[in-house]
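Everything on this sheet refers to the single structure shown next.
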Amino acid sequence: HAQFGPVAAEPALLELIDFGERPQAAYLADVLLAAQIEEFERSGRLLFPSESPIDRSPWFTYQGFRLAAEGNPWTVQTTNTDTAYTTDDFVERTRAGSPKAAYLWAILRPHPHSFLLRDLTRTIGRTSYGFVSAIYSQSGRPTENYADINTNGIILQAIASLA
């Protein structure tokens, strides 16, 4: 039986941007958006996970929602096997929202919650050189002195899809 990893904005939302409303990608997107809204209504936490570079070690994380998880379904994973990157403290300090995900949500699934994510990104995540790579959930702090072309390229791709 196959294992299903955590669901994040990528690749489902990128598939919807590139190829239109395909049923499998649309279903995953709808499930993830519903989970994000439910988490916000339950806890007040704004979660909009994706893969993201971050401005500290281990420098890159994969974040998402585990469909069959017991307990906390919101995961933060790295490719580094050091146990320091698996503690609850690390996960909470490193959990981050993705600016590219915020724009993809606002464009592909227009909803007050999606607009809240986009507006937060515009307020906290915009810099003179584009958008930051991530916004830490616990502190509300954006990555500092760090942006990446993937995040900014996907934001531009999302905006261009409206044309």
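List of remarks:
- In sequence order, the range 92-98 has phi-based couplings of 5, 6, 9, 4, 9, x, 9 Hz under the Karplus curve 6.51 cos²θ - 1.76 cosθ + 1.60, θ = phi - 60°, and Gly or Pro positions carry x.
- Label point distance in nm, Q157-D55, each placed 7 Å from Cα along Cα→Cβ: 2.5 nm
- Extension gain, F4 to R141, is 46.2 nm, computed as 0.36 nm per intervening residue step minus the present C-alpha separation.
- Taken over the range 107-157, the convex hull of the Cα atoms encloses 79 Å³ per residue.
- Value of [θ]222 nm, deg cm²/dmol, for the chain, DSSP H segments ≥ 4, -39500 (n - 2.57) each, nearest 500: -14000 deg cm²/dmol
- Debye intensity ratio I(q)/I(0), log10, the range 1-121, q values 0.09, 0.13 Å⁻¹ (C-alpha model): -0.24, -0.51
- Carbon and sulfur %, accessible surface of the range 1-62 computed with the full protein complex present, 1.4 Å: 57 percent
- Close amide H pairs (under 5 Å, H built 1.01 Å from N) link V7 with F65, R66, L67, residues at least 5 positions away or on another chain.
- Membrane-span-like helices of the chain, defined as complete DSSP H segments with a Cα extent of 24 Å or more along the helix axis and a mean Kyte hydropathy of at least -0.5, are identified as 23-43.
- Relative to the current alpha-carbon distance between E41 and F19, full extension at 0.36 nm per residue lengthens the span by 4.8 nm.
- Here is the list for the range 1-99: chymotrypsin sites (Phe, Trp or Tyr not before Pro) lying in DSSP coil, each with at most 10 other C-beta atoms within 10 angstrom of its C-beta, are F4.
- Sequence-distant residues sharing a close amide H with F60 (under 5 Å, placed H): I54
- Radius, Kirkwood style, for the range 88-132 when every pair of distinct Cα atoms is counted (Å): 11.2 Å
- The range 57-163 - accessible surface per residue (Å², probe 1.4 Å): 52 Å²
The values are calculated or read from the model by the stated rules, or taken from the named source; none is laboratory data. The model shown is predicted, which means the values in this text are computed figures rather than measured ones. Don't worry about glycine lacking a Cβ; one is built from the backbone with ideal geometry, like all the others, and counts go over all protein chains shown. Side chains included, ligands, DNA and RNA excluded: accessible areas come from the protein's heavy atoms. Shrake-Rupley method; radii C 1.70, N 1.55, O 1.52, S 1.80 Å.
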